[in-house]
Amino acid sequence: MRNVWIVFKRELVAYFTTPLAYVLIVAFTFLSLSLAFYFGGIIEAGDASLGRFFNFHPWIYMIFGPAIGMRLWAEENRTGTTELLLTMPISPWEAIVGKFAAAAVTLCAALTFTMGIVITIYHLGSPDGATIWSGYIGSFLVGLASIALTCAFSALTRNPITCLIVSVILCLVFTLIGYGPIIDFMRGANLNFLADICTSMSFMWHLTEMARGNMLIQYLVYLITFTAFCLFLTSVFIRSRRA
């Protein structure tokens with residue numbers, strides 16, 4: 001745990017001693033709130049569950065997740081410090097967990113800054129608190145999944161921009177496969193089995209369901225398992241560099 005803590009502090013300082021974390025947090029807060037109020041019509045619709053607020057998050061995470069995770073390993077690979085880090089008395093898993101935890105804290109900070117919308121909703125009505133928290137948990141887990149996916153590809157490349165572009169495309173795929181019109185098209189073409197597979201893998205579908213208050217155990221298991229698998233892939237890629 002001591003090594004994890006050391007890596008965690010190093011990465012967290014790296015985030016918040018540069019404009020990156022602040023720009024990302026401000027951008028996430030502005031986009032999520034403005035999309036909910038101006039395009040989602042959350043006040044006009046009287047949506048006390050904040051479903052319209054959370055429905056935009058998978059689209060935002062297509063950029064936000066890769067933007068947070070693109071430098072986790074790509075920057076280390078570019079500067080050659082990955083090899084130096086792995087020669088120290090620290091396991092790849094300790095380095096991965098420490099780096100990922102720092103990215104998770106940045107994500108948590110961004111979500112915290114959107115809490116103003118919760119205060120607004122409570123001021124205007126009597127929302128279901130359990131549904132709101134279910135949405136926030138779903139949003140946090142989807143954000144972690146997008147960061148973990150980016151982390152895995154970051155371990156393969158030396159260029160953070162390349163990592164960003166490819167990760168955005170991958171996150172787009174995992175978002176679009178649960179998009180309503182696409183699922184409806186599959187079902188209209190009698191591809192129900194494929195539609196079921198796509199919805200079960202989609203970030204959008206899981207977050208939409210959890211934003212409705214349906215925080216079922218299988219949703220949590222999928223998102224946590226997806227994140228863990230991506231971190232496992234990261235360790236495989238890093239160990240291959242050590243070999």
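The values are calculated or read from the model by the stated rules, or taken from the named source; none is laboratory data. Since this is a predicted model, take the numbers as computed values, not measurements. Cβ atoms come from the backbone with ideal geometry, glycine included; neighbour counts cover every protein chain shown.
Just one of (1) surrounded by 23 or more Cβ atoms within 10 Å (Cβ to Cβ); (2) modelled with pLDDT of 90 or more; (3) over 29 Å from Ser240 (Cα atoms) fails for Phe53. It is (2). Ile183 meets the stated requirement of being in contact with a Ser or Thr (Cβ under 8 Å, 6 or more places away or on another chain), without any contact (Cβ under 8 Å) to a residue 24 or more places away in the chain and over 30 Å from Ala102 (Cβ atoms).
Do we have Glu76 as at pLDDT below 80 and either in a helix (DSSP H, G or I) or buried (at least 19 other Cβ atoms within 10 Å of the Cβ) (or both) here? Yes: the conditions hold for Glu76.
Looking for whichever is β-branched (Val, Ile, Thr) and either under 21 Å from the mean Cα position of the chain (by Cα) or at pLDDT below 85 (or both) here; the options are Ile43, Ile6. Which one fits?
That would be Ile43, the only listed residue that is β-branched (Val, Ile, Thr) and either under 21 Å from the mean Cα position of the chain (by Cα) or at pLDDT below 85 (or both).
One residue stands out in segment 183-205 among those that are touching a helix residue (DSSP H, G or I) at 6+ places or on another chain (Cβ under 6 Å) and surrounded by fewer than 16 Cβ atoms within 10 Å (Cβ to Cβ): the one that is nearest to Leu24 (Cα to Cα), namely Leu194. Looking at (1) surrounded by 15 or more Cβ atoms within 10 Å (Cβ to Cβ); (2) in a helix (DSSP H, G or I); (3) of a type in the set (Val, Ile, Thr), which is the only condition Thr114 fails? Condition not satisfied by Thr114: (2).
In segment 123-178, of all residues being among the small types (Gly, Ala, Ser) and not in a helix (DSSP H, G or I), the one that is modelled with the highest pLDDT corresponds to Ala155.
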